[in-house]
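The values are calculated or read from the model by the stated rules, or taken from the named source; none is laboratory data. Given the structure is predicted, the values throughout are model-derived calculations rather than measurements. So basically every Cβ, Gly included, is an ideal-geometry build from the backbone, and we count neighbours across all protein chains shown. Ligands, DNA and RNA are stripped out before the accessible areas are found, and what is left, the full protein with its side chains, is counted by its heavy atoms. Shrake-Rupley method; radii C 1.70, N 1.55, O 1.52, S 1.80 Å.
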Amino acid sequence: MIRCAACGCENRDGAKFCRDCGAPLEVPSAEPSEQITAPQPEQLEATCEDVEPAEVPTVSKEDVEESPALKETVCEEAHDESVSVGEEVETQEGAPQVAVEVESPVQVEAPFTALPEGALLAERRYEVVAIVTESQECNIYEAIGTEDSRKCPQCGYLAPLDENFCAECGASLSEAEQCVGRYYILEVPRGADVWLSKLDGLYQRIADILPRWYEKFEACPYDASERSYVVLEQIDGELLSEVDVSTWSLKRVLETARTLCRLLAGLMDVGFYVPRLVEHAIVIPPEGVIFIGFHAMREYEGEVDTDVLEMVREFTAWLRNAVQPFATETAPSSEAGTAQKLFDELSEREGAIPGIAELSASLDKAMKELEAASVLSFRKAALTDVGRVRELNEDSFMTLEWEAAYESHPVRIGVYL
Ligand SMILES: [Zn+2]
Ligand SMILES: [Zn+2]
């Protein structure tokens, strides 16, 4: 909880503005990442202190110290087994102690099956309305908030009804429309912490082009299997493969492509790739570009394999097709030149392995060309006999005005003569 310095109201961790008075909150820089990462070593140590050494007979303390992962397992196991160990010793004197099976944790045995529609999660705050995909690694649900919320008119954040100001951008919510919150909920087995920390890494790099991350929680909803959940914003938009790119300007094509380059680099940085990325994983909302293919996301280990290269190649092909119409003679002359050069570069690379950094550089160059003023014109804006700075004893003062093609406002320069 963060206490507001202005009004004393308590706000949730990670909030940027007070929900009651709208004052900016001072957030320690580590706060947001702590909220969405795996348990920290300090937390694990704290849990281990509660455990009597005698209750963990098969694992030496040194083993536990060496491996943080093992440490976590041992702590959980010890808690699960501590009651039965105690009973065993009381009822059967001299009987061997129950060994704790570190190698087969309980959660692996419980089946990881998708929850039914209508399932309630996080103290009944979310209701599952549909299953998007299910697999052994990750289930994805469409869900709604069980209580109405208000949508921030400025940034789209879904806030509970009792909050007066948006916790994300500080905008007043008095005019905000009341609505049912719609979310995607990702569900992974508790053992899949690696998957979650990769996802966390992705959000730390490129959160601005991903659906908003609302919260993460852990639960054991309807059977013995422990599961982790991440609640994400549900985005309305068209799939990139269905968007009619021919209605776009060249600038929009290039800007979108640059965003997608960031996405590809981010995915590959953390060890994810998405087969058939363009076809079913990129959503274009009215503003911006959002990646939403969590159902299609796959992990890759070590070497960059052919699937990853295929993802980059598919993206390059999309860009080449999107740029081609602009390279014709009917396009405005400066645009046609830029588009033609980019198209040629992409065609040359066809068949070769395209690098994201190279692609990014080509796009930056094209963008710069497109934005550069084709003609720089000066004009005389005003002339006076007496300048305003009398101490300079100047004779006359003239302002020159120039306007760059890519900016809508003129810039003035004063000249003393
Ligand atoms: Zn406040
Ligand atoms: Zn907002």
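Points 7 angstrom from Cα along the Cβ direction at VAL132 and ASP208: gap in nanometres?
2.3 nm
Taking all protein chains as present, what is the carbon and sulfur share of the accessible area of segment 110-233, in % to the nearest whole number, probe 1.4 Å?
On segment 110-233, the fraction of accessible area on carbon and sulfur atoms equals 47 percent.
Determine, from the Cβ-Cβ distance of ILE144 and ASN164 and an R0 of 25 Å, the FRET efficiency 1/(1 + (r/R0)^6), rounded to the nearest 0.05. Don't jump to the answer; show the numbers that get you there.
Working: r = 23 Å, r/R0 = 0.94.
Taking R0 as 25 Å, the efficiency between ILE144 and ASN164 is 0.60.
Apply 1/(1 + (r/R0)^6) to the Cβ-Cβ distance of ALA224 and GLN324, taking R0 = 41 Å, and write down the FRET efficiency to the nearest 0.05. Don't skip to the end; give the middle numbers.
Details: r = 56 Å, r/R0 = 1.37.
That pair, ALA224 with GLN324, gives E of 0.15.
Would you tally the net charge around CYS4, using a Cβ to Cβ cut-off of less than 9 Å, leaving CYS4 out, and scoring K and R as +1, D and E as -1?
Residues close to CYS4 contribute a combined charge of 0.
Hey, with R₀ at 45 Å, roughly what FRET efficiency would GLU310 and VAL180 work out to, going by the Cβ-Cβ distance, to 0.05?
The computed FRET efficiency comes out at 0.70.
Determine the alpha carbon to alpha carbon distance for each of LYS16/LYS216; LYS251/LYS341; LYS151/LYS368; LYS151/LYS251 and list only those over 25 Å.
Working: LYS16/LYS216 18 Å; LYS251/LYS341 15 Å; LYS151/LYS368 37 Å; LYS151/LYS251 30 Å.
Check vs 25 Å cut-off fails for LYS151/LYS368; LYS151/LYS251.
Extending each Cα 7 Å along its Cβ direction at ALA5 and ALA336, get the distance between those two points in nm, one decimal.
My value for the distance between the label points is 6.0 nm.
Size of the dipole of segment 110-233 about the Cα centre, Lys and Arg at +1 and Asp and Glu at -1 on the beta carbon, nothing else charged, in debye to 20?
The calculation lands at about 240 debye.
Quick one: dipole size for segment 238-371, taken about the Cα centre, charges +1 on Lys/Arg Cβ and -1 on Asp/Glu Cβ, in debye to the nearest 20.
Dipole magnitude for segment 238-371 comes out near 280 debye.
Could you give P(r) for segment 238-371, binned at 5 Å from zero, as whole percent values over all Cα-Cα pairs?
2, 10, 21, 23, 20, 14, 6, 3, 1, 0
Treat every Asp and Glu Cβ in segment 276-322 as -1 and every Lys and Arg Cβ as +1, leave all other atoms uncharged, and give the resulting dipole magnitude about the Cα centre to the nearest 20 debye.
So the magnitude is around 260 debye.
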